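A quick write-up on the structure given underneath.
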Amino acid sequence: MERTYENCWFKETCNKECNMACGTFNEFKYLLDNSNIPETYKEPKKLYPESVDLEAFKTLGKIKGDIETFVKNGRQLYLWSKNTGTGKSNWSCKLLLTYMALIATGNGFNTNNGVYFCYTPDLITLTTSFENKDRDKILNAIMTRKLVVLDDVGASGVNSSFVATNLSQIIDTRYRNNLSTIYTSNLSEDELSNHYGSRIADRILSDISIELKGKGRRTTTHTY
């Protein structure tokens, strides 16, 4: 859905008059347009946990409610599940959207303070390609944004030393610069270490690790 001033994200909570000069609307839209968040996740979706995931959802809710402090302190989150469709990407984008909404007013269209969503298999393709004209721009965003999601870590099945070195450089740079990173994956903590080695795994698992144990929420229909 195309957002306009008439259906602004903040319409229900904002007490300002809606007009084209609204800084909150324009700055949030600018951050969102430069976030690389997939279209399907740009509108926040309500997620309802199964009983097995109640505590995990409570913890994620606390992180969401304290996301500015989470980012300020350079916290890390590894969100994983053995099942697909459990809401990992949805949750990670909820956190990105919440953070952008909180920093939009007065941000001055500064993307360095913003977020970036990266599907890790695309990142691996990017780091092994020298013909992508946007390569340096994308890598710079991943290296420098205040909050980054590396989605589906380990999904590509590629485990070459070249890929590991590039991924390690990105993770190390963000870790050393106290920049927050959210990782999603279908790999357990042990599988992550086996896939990428202990150095990368230690960085990724250096802070918070949350497992979603429920079944996938995606559904299929046989009617149209």
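The values are calculated or read from the model by the stated rules, or taken from the named source; none is laboratory data. For clarity, every value in this text was computed on a predicted model and none was experimentally measured. Don't worry about glycine lacking a Cβ; one is built from the backbone with ideal geometry, like all the others, and counts go over all protein chains shown. When the accessible area is computed, the model is the full protein with side chains, heavy atoms only, and any ligands, DNA or RNA have been set aside. Shrake-Rupley method; radii C 1.70, N 1.55, O 1.52, S 1.80 Å.
Structure above, values below:
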{"quantity": "Only listed residue being part of a loop (DSSP other than H, G, I, E, B) and modelled with pLDDT of 90 or more, chosen from Asn159, Asn178, Asn107", "calculated": "Asn178"}
{"quantity": "Verdict on Lys146 being open to solvent by 40 Å² or more (accessible area, probe 1.4 Å) and of a type in the set (Lys, Arg)", "calculated": "yes"}
{"quantity": "Pair list, Cβ under 6 Å, 6 or more apart: the stretch 42-70 residue among the acidic types (Asp, Glu), other residue modelled with pLDDT under 95 and part of a helix (DSSP H, G or I)", "calculated": "Glu68/Leu102"}
{"quantity": "Top-ranked residue in the stretch 79-104 [being part of a loop (DSSP other than H, G, I, E, B) and crowded, with 22+ Cβ neighbours inside 10 Å; ranked as nearest to the chain's Cα centre (by Cα)]", "calculated": "Gly87"}
{"quantity": "Candidate set from the stretch 26-57 (those that are aliphatic (A, V, I, L, M) and surrounded by 12 or more Cβ atoms within 10 Å (Cβ to Cβ)); member that is modelled with the lowest pLDDT", "calculated": "Leu47"}
{"quantity": "Residues of the stretch 23-78 satisfying the condition of being part of a helix (DSSP H, G or I) and of a type in the set (Lys, Arg)", "calculated": "Lys29, Lys58, Lys62, Lys64, Lys72"}
{"quantity": "Condition met for Ser209 (modelled with pLDDT of 90 or more, of a type in the set (Gly, Ala, Ser) and open to solvent by less than 30 Å² (accessible area, probe 1.4 Å))", "calculated": "no"}
{"quantity": "Only listed residue being among the small types (Gly, Ala, Ser) and touching a Lys or Arg at 6+ places or on another chain (Cβ under 6 Å), chosen from Gly106, Gly74, Gly65, Gly85", "calculated": "Gly85"}
{"quantity": "Which numbered condition Leu126 fails, given (1) open to solvent by less than 20 Å² (accessible area, probe 1.4 Å); (2) within 17 Å of Gly154 (Cβ to Cβ); (3) in contact (Cβ under 8 Å) with a residue 24 or more places away in the chain", "calculated": "(3)"}
{"quantity": "For Leu167: the one exception among (1) assigned to a helix (DSSP H, G or I); (2) open to solvent by 60 Å² or more (accessible area, probe 1.4 Å); (3) at pLDDT below 85", "calculated": "(2)"}
{"quantity": "Pairs, first at positive phi in the stretch 184-207, second modelled with pLDDT under 90 and open to solvent by 20 Å² or more (accessible area, probe 1.4 Å), C-beta under 8 Å, six or more apart", "calculated": "Gly197/Ala164"}
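Yes/no per residue for (1) open to solvent by less than 50 Å² (accessible area, probe 1.4 Å); (2) part of a loop (DSSP other than H, G, I, E, B); (3) more than 18 Å from Pro121 (Cβ to Cβ):
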site	(1), (2), (3)
Thr173	yes, no, yes
Thr184	yes, no, no
His195	yes, no, no
Asp202	no, no, yes
